[in-house]
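Only one structure is covered here, and it is reproduced in the block below.
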Amino acid sequence: MSEGTAKGFGEKPQPKKEERRKFQAIKGTRDLVPPETALWTRVEQTAQEVFTAYGFGEIRLPIFEQTDLFARSIGLETDVVSKEMYSFEDRDDTSVSLRPEATASVCRAYIENGMQQLPQPVKLYTFGPMFRRERPQKGRYRQFYQIDAEVLGGSEAPGIDAELIEMVMAFFGRLGLEGVDLDINCIGDKKCRPKYVELLRQELRKVKDKLGPDSQRRIETNPLRVLDSKLENEQKLIEEMPHIGDHLCEECAENYRGVKKELELRGVKYRENWRLVRGLDYYSRTTFEITAKGLGSQNAVCGGGRYDGLMELLGGPPTRATGFAIGEDRLILSLQEGGKTPLAQGRDVYIAWMGEKAYATSVRAAKNLRAAGFSVELPPVEQKFGKAIGQADKLGARYALILGDNEVVSGEWTLKTLATGEQAKFSEATFLEFLKKHG
Ligand code: HAM
């Protein structure tokens, strides 16, 4: 017998008072609690409905993957890979990381599950937490949530990009998101972009001394990212830089014209933004970002674009692909700023019971009502009538079902409408009918 069992649970030494500590959620993480979670559920259900209507199916992915999958996809020089990943050695000495995004995993899963054999394109969506060690602030967390959608395989028809953008705009429209602006750009492909990047590098080198340290470093590592700079004193210089739109190859330019035409056909309003380059390396051709109201400096609620070369980079067959990810935390923040708070999660019925016989009837009534889809609160111990009604009010219940031993004997149940104070009597048989009609 081990020492632990011999001693027994009750005799376990208790920590001294000063040793007891309160735990707090780790910086950059937070709890999502009711009633806010009702809004999260509604957002996710709406996404499911809208995405399903566009032919997307759900994929569920692991939360950690080999570090190399992200390094290769997102790019070693990006902020995400170079400083923001949560990486650790697994038992067999492989380095694994908590996923900072979902696109790389979706591509791995597409290859691993032989999805190139399915009718193309394959349209997938996924929800869940992502992890980036960023400086936390409003709308920026270390554990945050994305709603991600990807279209894998198929042709380069501009209708694919446009339909994807139409879908996310329709989703935001269905939620009533306010102040939504869509920015689009074409960043070329592996044929034309390298020439533009070199030209940009040369032009940036000419003004290097006037740029801050981050931009100076990026001139060599990734000059496109300089275009992303928000620093006030760099704006004028950046505006003078050559525009990618003037350096696209004919195929990319033609494709971009097609995407814009397709967006117009679908009534999707967009703004062209030649400085929209995105922070991850895998993009080519059409990229886009969507901003919404009330988010301060972290106002991008969705980012995405085409990534035609990624599948090959991960050892798969040449596969065209495009997708987006919505920052769900930011989406919720913006909905709340716009007054779209969830309705308080009130109960339909609070059962105010008194007496032992009434309790047995109440347990049965609660079970039947719940089975019929009503939300019911059944207090586990008897309460005084006044207290029960007060509690029902606090919980936002619509009705109180009043059951005392008299009601049980007479078979006449009393239902009180809490908003008006009206009371009515029902037999057990007619009670459920009434609620179904009016509840
Ligand atoms: P991303 O731009 O890195 O793209 O992230 C997409 C969205 O996730 C952002 O617009 C933002 O709303 C949200 N987000 C990112 N980081 C944070 C954070 N620390 N806290 C809160 N929200 C955040 C991607 O992740 C790509 N995988 C999108 C994609 C899918 N491209 C093609 N397919």
For Leu432, what is the net charge nearby, where nearby means another residue's Cβ is under 14 Å from its Cβ and Lys, Arg count +1, Asp, Glu -1? +2
Nearest 500 deg cm²/dmol is fine: what mean residue ellipticity at 222 nm does the chain get from its DSSP H runs of n ≥ 4 alone, each adding -39,500 (n - 2.57), divided by its residue count? -11000 deg cm²/dmol
Glu101's amide H: which non-local residues (gap 5+, or another chain) put their own amide H closer than 5 Å, with H modeled 1.01 Å from N in plane and none for Pro or chain starts? Phe131
Nearest 10 degrees, 0 to 90: helix 428-438 Cα axis against the chain principal axis: 30 degrees
Any aspartates and glutamates with Cα under 16 Å of the Lys357 Cα? List them, leaving off those in the same chain fewer than 8 positions away. Glu382, Asp405, Glu407, Glu412, Glu428
Ordering Val180, Val33 by how much accessible area each has at a 1.4 Å probe, largest first, what is the list? Val33, Val180
Checked the chain against the a/c 1.5 cut and the a/b vs b/c comparison, axes a ≥ b ≥ c from its Cα gyration tensor; verdict prolate
Three-way shape label, the range 219-359, alpha-carbon gyration tensor, a/c 1.5: prolate
Placed amide H near Cys192: partners under 5 Å, 5+ positions off or other chain: Cys249
Once phi for every residue in the range 178-191 is put through the Karplus expression 6.51 cos²θ - 1.76 cosθ + 1.60 (θ = phi - 60°), the whole-Hz ³J(HN,Hα) values, with Gly and Pro written as x, are 9, x, 7, 10, 10, 10, 10, 7, 10, 9, x, 10, 6, 7
State which entries of Lys123/Lys230; Lys269/Lys340; Lys191/Lys293; Lys367/Lys387 exceed 28 angstrom in Cα-Cα distance in the structure shown. Lys123/Lys230; Lys191/Lys293
Quick one: how many Å² of Leu378 are accessible to a 1.4 Å probe, rounded to 10? 40 Å²
Going from most exposed to least, what order do Phe56, Phe434 have by accessible area with a 1.4 Å probe? Phe434, Phe56
Would you pull out the residues with amide H under 5 Å of Leu403's amide H, same chain only if 5 or more places away, H placed 1.01 Å from N? Ala352, Trp353, Met354
Gaussian network model of the chain, Cα springs within a sub-10 Å range: biggest mean-square fluctuation belongs to which of Tyr282, Tyr54, Tyr359? Tyr359
Have a look at the DSSP beta bridges in the range 288-439 and tell me what percent are antiparallel, nearest 5. 70 percent
To the nearest 10 degrees, how steeply does helix 250-265 sit against the main Cα axis of the chain, on a 0 to 90 scale? 30 degrees
If you fit an axis through the alpha-carbon atoms of helix 193-206 and take the longest principal axis of the Cα set of the chain, what angle between them do you get, 0 to 90°, nearest 10? 80 degrees
Heads up, the range 151-230 by the C-alpha gyration tensor (a ≥ b ≥ c square roots of eigenvalues; a/c under 1.5 rounded, else a/b over b/c prolate, else oblate) looks oblate
Sort Val408, Val349 by accessible area with a 1.4 Å probe, largest first. Val408, Val349
Given a 1.4 Å probe and the protein chains all in place, what does the accessible area of Ile59 round to, in Å² to the nearest 10? 20 Å²
Under Karplus coefficients 6.51, -1.76 and 1.60, residue-wise ³J(HN,Hα) of the range 209-216 in Hz, glycine/proline x: 4, 8, 9, x, x, 5, 5, 4
Quick one: accessible surface of Phe172, probe radius 1.4 Å, all protein chains present, in square angstrom to the nearest 10. 0 Å²
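The values are calculated or read from the model by the stated rules, or taken from the named source; none is laboratory data. Treat the numbers as computed from the prediction; the structure is a model and nothing was measured. Note that each Cβ is placed from the backbone with ideal geometry, even for glycine, and that neighbours are counted across all protein chains shown. Side chains included, ligands, DNA and RNA excluded: accessible areas come from the protein's heavy atoms. Shrake-Rupley method; radii C 1.70, N 1.55, O 1.52, S 1.80 Å.
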